[in-house]
Amino acid sequence: MSAYPVRRVAAMHDLSCFGRGSLTTILPVLSVLGVQVLPLPTTLLSTHTGGFEGFTFTDLTPELYKIADHWEKLGIRPDAIYTGFLSGATQCDFIEDFITRFGGADVLTLIDPVMGDDGELYSQSTAALVDRMRELCRRADIIVPNLTEACLLCDVPYPDTAAMSPTALAACISALLDRLTALGPRRVVITGIVTDRASGVSTAGVDRSPASLDPAPFFVNLPRIGGMYPGTGDLFAAVLVGKLLTGTRFSAAVTAASAFAKNFFIVSSS
Ligand code: PXL
């Protein structure tokens, strides 16, 4: 018998049947980290939405309520709740309901507010989703927006971080981290901060929990690969959840997740 109970994460993400990302990416990653995934497919798509024409899109919200009802009857309790791509603003109501029923002080709640990238909303994302996602973030312990999503949540223009001096960049990101923690989550990570268009990308994080070991903003700097890789954020968040559930310090978990996402895409793009 194992000395440690297996940790379970209820993961709300789409199931895209072609293209790496969401459930197809996070399931194996969390599994090899020793975490059991309880998948809650938010949407069924023929492909992800990043660059394919004419994809199918089925909102699974009614099924999610039925699954949650059944789990409640069985007394199933997750150790973590992790949300990613949602079908739209209305599905945020389900997520709120799920957090109320299955969340709690001992349940890690991580929200990846998947809405856009590179300064643009994804084709399915609406202004209503942005507003509802901002409210949903109040219920999270941790949020992991990319820079685009961080700006949408804070309702500020997308900055040209690559053109900034290191001091201006640090001030800009620290201000965003302050605004995002003011929404409610104690721990915030911002991914995909381009520091040099040719060669640099950073992840920034802060932990404002009472007994935090990482109360000041920290940065993880990595070489930039270039190009767009849908699913990178999902990979990052999955490693972060897995590392945190297995007891890794926040800044070390953010560093490990950033490095893993970068290495994975260097391998897969070559
Ligand atoms: O990785 C973000 C993501 C998740 N799910 C779907 C997507 C995208 C980004 O394009 O299209 C369906």
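Of all residues in region 36-56, those that are surrounded by fewer than 16 Cβ atoms within 10 Å (Cβ to Cβ) and within 16 Å of the ligand (Cβ to nearest atom) total 6.
Under the condition of being surrounded by fewer than 16 Cβ atoms within 10 Å (Cβ to Cβ), of a type outside the set (Asp, Glu) and either within 11 Å of the ligand (Cβ to nearest atom) or in a helix (DSSP H, G or I) (or both), the residues counted in region 62-75 number 6.
Filter region 155-164 down to the residues that are more than 9 Å from residue 195 (Cα to Cα) and either outside any loop (DSSP other than H, G, I, E, B) or aliphatic (A, V, I, L, M) (or both) and list them by number. The answer is 156, and nothing else. Give the residue that is farthest from residue 71 (Cα to Cα), with candidates limited to residues of region 7-21 that are buried (at least 17 other Cβ atoms within 10 Å of the Cβ), within 12 Å of the ligand (Cβ to nearest atom) and at pLDDT 95 or above. Filtering region 7-21 for residues that are buried (at least 17 other Cβ atoms within 10 Å of the Cβ), within 12 Å of the ligand (Cβ to nearest atom) and at pLDDT 95 or above, the one farthest from residue 71 (Cα to Cα) comes out as 16. For region 1-45, a residue qualifies if it is in a strand (DSSP E or B) and polar (S, T, N, Q), and the qualifying residues are 16, 36, 42, 43.
For region 97-133, taking the residues that are of a type in the set (D, E, K, R) and within 16 Å of the ligand (Cβ to nearest atom), the one that is surrounded by the most Cβ atoms within 10 Å (Cβ to Cβ) is identified as 112.
The values are calculated or read from the model by the stated rules, or taken from the named source; none is laboratory data. Note that the structure is predicted; figures quoted are calculated from it, not measured. In this analysis, Cβ positions are derived from the backbone assuming ideal geometry, glycine residues included, and neighbour counts consider all displayed protein chains.
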